[in-house]
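Notes follow the structure.
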Amino acid sequence: MPLGIGMGIVSALSAAFGDWAASRATSIWLAIGIGMFVSGWIFQFIGHVRYEHRKPAFVDDIIGLLIGPLFILVELLSGLGLRRDLHDAIQARAPRADHSTRSTSSATVSCSTLA
């Protein structure tokens, strides 16, 4: 599956969910929005502290905010056994950093690999 199509599907599903949530009472969509926002930050914090031992890429380079959803899609597809070649190419080109620092070029590597 081309990543553009995958991201289009994810975006369409997100827009449909947002439309559904927006049609609810203000207290409902506000609770949904705040809940998702807080949950997302909790998952990110746990993932970076517990598993990656590095700070998020967007701390050093704002483009990481745009690459993040694409990275998650590649990980999901790889976990489902799809686009394993792309996942392996990203892993092969990603710089190996120790657990205390993060290379600012990792976002660039991901971008150039995905292109």
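All of the numbers you see were taken from the coordinates with simple rules; none came from a lab. It should be emphasised that the depicted structure is a prediction, and the values quoted were computed from it without experimental measurement. Every residue, glycine among them, receives a Cβ derived from its backbone with ideal geometry; neighbour counts consider all protein chains shown.
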Calculated from backbone phi, Karplus (6.51, -1.76, 1.60) coupling profile of segment 29-43 in Hz, x at Gly/Pro: 5, 5, 5, 4, x, 5, x, 5, 4, 5, 4, x, 5, 5, 4
Note on segment 1-42: alpha-carbon gyration tensor, axes a ≥ b ≥ c; rule is a/c under 1.5 for rounded, else prolate if a/b larger than b/c, else oblate; result oblate
Under the rule of at least 5 residues apart or a separate chain, name every residue whose amide H is placed under 5 Å from the amide H of ARG83. none
When a footprinting reagent is the concern and you count Cβ atoms within 10 Å, what order do ASP61, ASP85 take, fewest first? ASP85, ASP61
From phi via Karplus (6.51, -1.76, 1.60), per-residue ³J(HN,Hα) for segment 57-69 in Hz, x at Gly/Pro: 4, 5, 5, 8, 8, 4, 5, x, 5, 7, 7, x, x
Sorted by Cβ density within 10 Å, fewest first, the residues ARG83, ARG50: ARG50, ARG83
